[in-house]
Amino acid sequence: GTDRLGRDLLSRLMLGTRGSLTVGLVSVLISLVIGVAIGAIGGFFRGWVDNLIMWIINVVWSIPTLLLVISITLVLGKGLVQVFIAVGLTMWVDVARVVRGQTLSLREKEFVEAGKALGYTDFRIIIRHIMPNVMGPVIVICAANFANAILIEAGLSFLGIGAQPPTASWGAMIN
């Protein structure tokens, strides 16, 4: 079928799928980079660094995600690239909390103490020894964030803030 402007709905649905999957992937990658870095630093170094990072996480977590995405999108402007950035900047909190908790747990293990005894730097211990053990739960969080990112993008496009015409988007098609 076609819409009221004569455009093929199946073709627009497939193009909207490409856009939505891209938004999900890029947003998850942005949130993954930010969340893993912040969570690992907070969990490994503890003390005032951890307190500061947890304060920032709690402040960002207390703001509703959709409201935060809308405000960031309005500041950056309308379009898919701005939606990538806005959604990615709001989803890192879940990743950071999981990584921080896992890092706090793994920090006390014998292999971390052995790495310190061998003279490895903190950066090497985090990257080579802690991060491989943290990635299981992080992959699960990323899968959930992927679905949430697609829903948020569709919601923004439905409201007219996301992908701008003539770009196909699921939310704009529903609208």
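The values are calculated or read from the model by the stated rules, or taken from the named source; none is laboratory data. All figures in this text were calculated on a predicted structure; none of them were measured in a lab. Please note: Cβ atoms are built from the backbone with ideal geometry, for glycine as well, and neighbour counts cover all protein chains shown. With ligands, DNA and RNA removed, areas are computed over all heavy atoms of the protein, side chains included. Shrake-Rupley method; radii C 1.70, N 1.55, O 1.52, S 1.80 Å.
Among the numbered conditions (1) surrounded by fewer than 14 Cβ atoms within 10 Å (Cβ to Cβ); (2) small (Gly, Ala, Ser); (3) touching a residue at least 40 places away in the same chain (Cβ under 8 Å), tell me where Gly24 comes up short. For Gly24, the failing item is (1).
Looking at Ile126, is it of a type in the set (A, V, I, L, M, F, W, C), open to solvent by 60 Å² or more (accessible area, probe 1.4 Å) and more than 20 Å from Ser27 (Cα to Cα)? It would help to see each step written out before you state the result.
Details: of a type in the set (A, V, I, L, M, F, W, C): yes; open to solvent by 60 Å² or more (accessible area, probe 1.4 Å): no; more than 20 Å from Ser27 (Cα to Cα): yes.
No: the conditions fail for Ile126.
Checked against the criteria, Gly136 does not count as under 20 Å from the mean Cα position of the chain (by Cα), open to solvent by less than 40 Å² (accessible area, probe 1.4 Å) and over 30 Å from Val75 (Cβ atoms). Taking into account only those residues within segment 10-52 that are in contact with a Gly (Cβ under 7 Å, 6 or more places away or on another chain) and among the hydroxyl-bearing types (Ser, Thr, Tyr), which is farthest from Val138 (Cα to Cα)? Per the stated criteria, the residue is Ser27. For segment 56-93, a residue qualifies if it is open to solvent by less than 70 Å² (accessible area, probe 1.4 Å) and not in a helix (DSSP H, G or I), and the qualifying residues are Ile63, Gly77, Gly79. If the condition is being more than 14 Å from Asp94 (Cβ to Cβ), within 17 Å of the chain's Cα centre (by Cα) and either outside any helix (DSSP H, G or I) or in contact (Cβ under 8 Å) with a residue 12 or more places away in the chain (or both), then segment 34-52 contributes only Ala40. Whether a residue is within 29 Å of Gly160 (Cβ to Cβ), touching a residue at least 60 places away in the same chain (Cβ under 8 Å) and in a helix (DSSP H, G or I) was assessed, and Gly19 passes this test. For segment 95-113, filtering for residues that are acidic (Asp, Glu) and either open to solvent by less than 40 Å² (accessible area, probe 1.4 Å) or in a helix (DSSP H, G or I) (or both) leaves 2. The set of residues in segment 152-175 that are surrounded by 15 or more Cβ atoms within 10 Å (Cβ to Cβ) and assigned to a helix (DSSP H, G or I) comprises Ile152, Glu153, Ala154, Gly155, Leu156, Ser157, Phe158, Trp170, Gly171, Ala172, Met173.
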